[in-house]
Amino acid sequence: MSKHGMTRRNVLRNGAGVLAATAVGAPMVHAQGTGGTLRCGFWDHWVPVGNNAIRELCAEWGQRNRVNVQVDFITSVGNQNLLTIAAQAQSRSGHDILSFPTWEPASKADLLEPVDDVMARLTAKYGAVNPAAEYLGKIRGKWVAIPAVSGTQYKPACVRFDLLQQHAGVDIRAMWPAENRVGPGADQWTWANLLTYAEKCHAAGFPFGMPMGSFTDAVDTVGAIFAAYGASVMDARGNITVRGNDKLRAAVEYLVRLSRFLPNDVWAWDDGANNRALISGRSALIFNPPSAWAVAKRDAPQVAERCWTVTTPAGPEGRFVPYLPYFWGIWSFSRMKPAAKALLEFMSERTSAEKQTTTSNGYDIPPFLSMSDFAVWANEGPPTGTIFNYPIKPHHNATASIAFAPAPAEFAVQAYQQGLNTKVVARVAQAGETIDQALAWLERELTTIRRGG
Amino acid sequence: MAADGTIAVRDAAEITGGRANSLQRFARRRSTIAFVMTLPLLAVIVGLVAYPALFGIYLSMLNRRMTEFVGFLNYEILIESETFWNVFFQSCFFAITAVLLKALIGFWLAHMLHHIPNNKQRKWRGMLLVPWVIPPALSTLGWWWMFDPSYSSINWLLSIVSVPEVPWLGHHWWARIAIIMVNVWIGAPFFMIMYLAALKSVPEQLYEAAAIDGATSWQRLRYVTLPMMANIISITVLFSLIVTFANYDIVRVLTNGGPRDLTHVFASYAFQVGILSGNIPRGAAVSLFMLPFLAVCAFFVLRGVVRRNKEQM
């Protein structure tokens, strides 16, 4: 044995050398293979294939950066996402990244990692985000969450162009063509004129499907009308501005008049009722993202091919489009903050945003105004170009709006969730109160909300 | 057993070679053993009942951001809120009306079933229990389709006989009636089965004696059946009152509290204020508001049960 150098001592020495090399090398290999696990809880998309884009983007980024990205999709049905957020906030544990609905970043601001650095890089690249997203995501001067693409929606008007033409004499496609320009008569697309159109369509048996209950479609649309009339109920400092507010009175008066030409059960409509009104062919106009049209495309193609989405009418103070965004936030107790920021930055880039919007058939709205030119909005149909005017485009001269802005978010969210703007109209139109009585009630409710910090 | 409760085994002093070991004596006491054996149950009660209840009370005394103790401020704010008093009225109206109707319908159904021969009773019992067995959220969704503001199937049926459309969910009184109807539909079978069990336990001889005395059917019901069922009726009503007061899913699915917050009950309003509006302390205060009322009800009902038991002994 000794002749060939295969002594017991040599075998042991070489074996120990191999073991030592393996032990020293192992962590190096490990570190190159994975940068840990990033746990993400994204919103479970309405559109059946809507989650695919998120899944693919996370996989692509994870592979490139050697991070194991674990993706869960949390539904908003039954407010499951809100309950998850509340539970994780209480227990200080859970996902690293979560999708936060509209008001949640403000509500959980103290528990969210500031993302000013990410937003600074993104705005340098793509320009400003819309003001409503900034109001909801930038709390006390700091961005606490990134305005998300997935799940974010506008609620412009989805019009049955044939019915509006036939009964109100308005050629909405000529007014708002699928081009980057306004058509003839676009200046007539105002809330004041909409009242006339509503009356005519109501008389013809095709009333506008505008809910007036306390669900989000109702609160958002009424909020946009309030904004178009310059009516706010609380200022940015939290002072109640109901008393002696002529603009607020004008907005309420307008809505009371408009409600006479709506179906008489709109006070009980939920967020699906307006969709059903359009799809069943009973309504000439609703305010909704293109999801109603998308369902009609599947279930009632003869209705879908007569739909045309246009921006909202203008009021005395401008044109405001209801906006309901989602945000991507990183918990402050996350141990993967740098990786989480890098992933969210990647998902907010133009190519990633376009992928999400295209996969969702144009439903998802990126927060950057410069991203309103994705091809999907021009190509979707039938009829081709039907959702061209779904995102806010420069020629719309419109602003994204969220009801109860500019009130401090902690008060606005309570007024929003309780649907105070629709209720004040309902108290006059349905319960027979005077406007003064209804506004006095509104003032008392806002005072209650403001008390207790 | 010794007077102090220790088990009569060999004296501990003998085991430890003559030295009295107080720890061993303590461990052998019946009360100690009983305490140790109830520890798992106590742990469950403390962990799943006492802690959440106390935490809920603590939460209701914080400010919105949950950073500061504000005492009873949330309760004060609620008392001064017009909407909250609407919720209070609706909760009481809903719970009391629904429980009364469930009790009456359940009692009537139990009587009907009791008079059906035993071999034919089973299929009726099974069929009548179906509403109670289906998950409420699911059955309420079915009712919602029937009440749907625009496409109500009930209205469609009414229109066949030229009855005008009923705004089931659009007008607050109709919406309140709709909510109570669904709750009664779901809950009446529970009363029925409880009352049926009670009816079966009433001795037949009492009815025979009453018949010999010439009692009418009303007198048999008033002086035999009802006194014999009193405890079951009380306990069932109390149990149902608690569950109905805390009901959430029917209101959430049917009306979401609308129109104009006039159909909210404590649970749905607490969810709206606490979770949806991000004011968890005030939401906790709303949900705790029903506690004293239910505690008072429970006290009187249980006291009645104990009294009747003593009288019967």
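The values are calculated or read from the model by the stated rules, or taken from the named source; none is laboratory data. Just so you know, these numbers come straight off a predicted model, no measurement behind them. Every residue, glycine as well, gets a Cβ built from its backbone with ideal geometry; the counts of neighbours run over all protein chains shown.
Remark: A:Ser334 falls outside the filter, which requires a residue to be over 30 Å from A:Asp187 (Cβ atoms), of a type outside the set (D, E, K, R), surrounded by fewer than 23 Cβ atoms within 10 Å (Cβ to Cβ) and within 14 Å of chain B (Cβ to nearest Cβ).
Name every residue in segment A:429-439 that is in contact (Cβ under 8 Å) with a residue 24 or more places away in the chain and either buried (at least 19 other Cβ atoms within 10 Å of the Cβ) or over 18 Å from A:Ser259 (Cα atoms) (or both), in order of residue number. The answer is A:Ala429, A:Gln430, A:Ala438, A:Leu439. In the condition set (1) under 29 Å from A:Ala431 (Cα atoms); (2) of a type outside the set (Phe, Trp, Tyr); (3) surrounded by fewer than 21 Cβ atoms within 10 Å (Cβ to Cβ), B:Thr140 is compliant with all but (3). The residues of segment A:200-234 that are within 14 Å of another protein chain (Cβ to nearest Cβ) and charged (D, E, K, R) amount to a single one, A:Asp217.
So for segment B:114-125 (the condition being surrounded by 20 or more Cβ atoms within 10 Å (Cβ to Cβ) and outside any helix (DSSP H, G or I)), does at least one residue qualify? For segment B:114-125, residues surrounded by 20 or more Cβ atoms within 10 Å (Cβ to Cβ) and outside any helix (DSSP H, G or I): absent.
Listed here are the residues, each with its yes/no results for (1) over 17 Å from B:Thr244 (Cα atoms); (2) among the hydrophobic types (A, V, I, L, M, F, W, C); (3) in contact with a Phe, Trp or Tyr (Cβ under 8 Å, 6 or more places away or on another chain).
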site	(1), (2), (3)
B:Leu62	yes, yes, yes
B:Thr67	yes, no, no
B:Asn74	yes, no, no
B:Lys102	no, no, yes
B:Ala110	yes, yes, yes
B:Gln121	yes, no, no
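Of these, A:Ala400, A:Ala407, A:Ala426, A:Ala412, which one is within 14 Å of chain B (Cβ to nearest Cβ), outside any helix (DSSP H, G or I), buried (at least 16 other Cβ atoms within 10 Å of the Cβ) and not hydroxyl-bearing (Ser, Thr, Tyr)? Of the residues listed, the single one that is within 14 Å of chain B (Cβ to nearest Cβ), outside any helix (DSSP H, G or I), buried (at least 16 other Cβ atoms within 10 Å of the Cβ) and not hydroxyl-bearing (Ser, Thr, Tyr) is A:Ala407. As a summary of the residue check, A:Arg237 satisfies the conditions (1) of a type outside the set (Val, Ile, Thr); (2) farther than 14 Å from A:Val424 by Cα; (3) within 12 Å of chain B (Cβ to nearest Cβ) except for the one numbered (3).
This table checks each residue for (1) within 14 Å of another protein chain (Cβ to nearest Cβ); (2) at negative phi.
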| site | (1), (2) |
| --- | --- |
| B:Trp145 | yes, yes |
| B:Asp148 | yes, yes |
| B:Tyr151 | yes, yes |
| B:Ser162 | no, no |
| B:His172 | yes, yes |
| B:Ile193 | no, yes |
| B:Leu199 | no, yes |
| B:Gln205 | no, yes |
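Within the set B:Ile96, B:Ile77, the sole residue that is closer than 22 Å to B:Gly257 by Cα, within 14 Å of chain A (Cβ to nearest Cβ) and not in a loop (DSSP other than H, G, I, E, B) turns out to be B:Ile77. All of (1) buried (at least 16 other Cβ atoms within 10 Å of the Cβ); (2) more than 30 Å from A:Gln430 (Cβ to Cβ); (3) more than 14 Å from chain B (Cβ to nearest Cβ) hold for A:Arg181 with one exception: (1). Identify the residue in segment A:263-309 that is surrounded by 24 or more Cβ atoms within 10 Å (Cβ to Cβ) and of a type in the set (Val, Ile, Thr) and, among all such residues, is farthest from the other protein chains (Cβ to nearest Cβ). By that ranking, first place goes to A:Thr309. Do we find a residue being more than 18 Å from the chain's Cα centre (by Cα) and more than 10 Å from chain A (Cβ to nearest Cβ) anywhere in segment B:291-300? Scanning segment B:291-300 turns up no residue that is more than 18 Å from the chain's Cα centre (by Cα) and more than 10 Å from chain A (Cβ to nearest Cβ). Evaluating A:Lys138 against the criteria (1) more than 14 Å from chain B (Cβ to nearest Cβ); (2) surrounded by fewer than 17 Cβ atoms within 10 Å (Cβ to Cβ); (3) charged (D, E, K, R) leaves one unmet condition, (2). Acidic (Asp, Glu), over 15 Å from A:Tyr326 (Cα atoms), away from chain B (no Cβ under 14 Å) and part of a helix (DSSP H, G or I), is that true of A:Asp117? The answer is yes for A:Asp117. Of the residues B:Val130, B:Val70, the single one that is at pLDDT 90 or above and either acidic (Asp, Glu) or surrounded by fewer than 16 Cβ atoms within 10 Å (Cβ to Cβ) (or both) is B:Val130.
Table: residues versus (1) of a type in the set (D, E, K, R); (2) more than 27 Å from A:Gln188 (Cα to Cα); (3) under 16 Å from the mean Cα position of the chain (by Cα).
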site	(1), (2), (3)
A:Gly315	no, no, no
A:Phe320	no, no, yes
A:Pro325	no, yes, yes
A:Ala339	no, yes, no
A:Leu343	no, yes, no
A:Glu349	yes, yes, no
A:Ala353	no, yes, yes
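Among A:Pro289, A:Pro301, which is the only one that is out of contact with any helix residue (DSSP H, G or I) (no Cβ under 7 Å at 6 or more places or on another chain) and more than 22 Å from A:Phe42 (Cα to Cα)? Just one listed residue meets the conditions, A:Pro301. When B:Ser60 is tested against the conditions (1) among the polar types (S, T, N, Q); (2) under 30 Å from A:Arg451 (Cα atoms); (3) at pLDDT below 90; (4) surrounded by 13 or more Cβ atoms within 10 Å (Cβ to Cβ), the lone failure is (3). Among residues belonging to segment A:429-449 that are of a type outside the set (Asp, Glu) and at the interface with chain B (Cβ under 10 Å from one of its Cβ atoms), point out the one that is nearest to B:Arg65 (Cα to Cα). Checking each candidate, the answer is A:Ile449. Selection of segment A:109-131 for residues being more than 28 Å from B:Arg65 (Cβ to Cβ) and in contact with a helix residue (DSSP H, G or I) (Cβ under 9 Å, 6 or more places away or on another chain) yields A:Arg121, A:Leu122, A:Lys125, A:Tyr126, A:Gly127, A:Ala128.
Just one of the numbered conditions (1) part of a loop (DSSP other than H, G, I, E, B); (2) more than 14 Å from chain A (Cβ to nearest Cβ); (3) buried (at least 22 other Cβ atoms within 10 Å of the Cβ) is not true of B:Thr244: (1). The listed residues are A:Ala250, A:Ala304, A:Ala228, A:Ala273, and the only one of them that is touching a Ser or Thr at 6+ places or on another chain (Cβ under 7 Å) and either aromatic (Phe, Trp, Tyr) or assigned by TED's automatic domain parsing to the domain that holds A:Gly419 (or both) turns out to be A:Ala273.
Against the test of being of a type in the set (A, V, I, L, M) and part of a loop (DSSP other than H, G, I, E, B), the options A:Ile365, A:Ile330 yield a single qualifying residue, A:Ile365. Within segment B:80-93, if we keep just the residues that are among the hydrophobic types (A, V, I, L, M, F, W, C) and under 15 Å from B:Ser268 (Cβ atoms), the residue that is farthest from the other protein chains (Cβ to nearest Cβ) turns out to be B:Cys92. Residues in segment B:247-264 that are among the polar types (S, T, N, Q) and buried (at least 22 other Cβ atoms within 10 Å of the Cβ): B:Asn247, B:Thr255, B:Thr263. Evaluate the following for A:Thr384: is it more than 24 Å from A:Arg160 (Cβ to Cβ), surrounded by fewer than 20 Cβ atoms within 10 Å (Cβ to Cβ) and in contact (Cβ under 8 Å) with a residue 60 or more places away in the chain? Here the answer is no, as A:Thr384 does not meet what is asked.
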